[in-house]
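These notes concern the structure reproduced below.
The values are calculated or read from the model by the stated rules, or taken from the named source; none is laboratory data. Everything quoted here is computed from the prediction, not taken from an experiment. Ligands, DNA and RNA are excluded from the accessible area calculation, which covers all protein heavy atoms including side chains. Shrake-Rupley method; radii C 1.70, N 1.55, O 1.52, S 1.80 Å.
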Amino acid sequence: MLSNDRKLRADLIFASTMLAAGLVLCGFSVVTTTRTNVHLAQATPPSQGSPSTTTNDKPAESKPGGTRPTTPAPEPARPDAQAQKEGAKAALPPAPPEKIAPPMEKK
């Protein structure tokens with residue numbers, strides 16, 4: 001019974017010491033965060049540009065059933081065979097063989 005009391009007393013002293021150390025550490029961190037001089041950066045206001053004098057600010061008018069005008073015209077990622085013969089290069093490199101899956105088997 002006497003050894004249990006000693007062990008309990010040692011555990012209580014250790015727990016009290018750990019609690020006091022934790023409180024001191026928390027107090028120290030609170031003091032250091034409040035004492036630092038925080039400098040906040042402010043963004044400059046956006047510059048006011050002059051209004052545009054062109055009258056071509058409207059988008060192209062849509063026509064039912066028509067195609068959407070694009071400027072410049074979109075180009076395919078891979079040119080056709082005729083263009084490749086003339087020396088055009090593909091915009092994307094060919095896929096590596098390990099990325100190309102084999103054909104799916106039919107059940």
Once the whole set of protein chains is in place, how much accessible area is left on Ser47, using a 1.4 Å probe, in Å² to the nearest 10?
110
Karplus-derived HN-Hα couplings along the stretch 7-14 (A = 6.51, B = -1.76, C = 1.60, θ = phi - 60°), whole Hz, x at Gly and Pro
5, 5, 5, 5, 5, 5, 5, 4
For Val24 and Ala10, calculate 0.36 nm times their separation in residues minus their Cα-Cα distance, and state this gained length in nm to one decimal.
2.9 nm
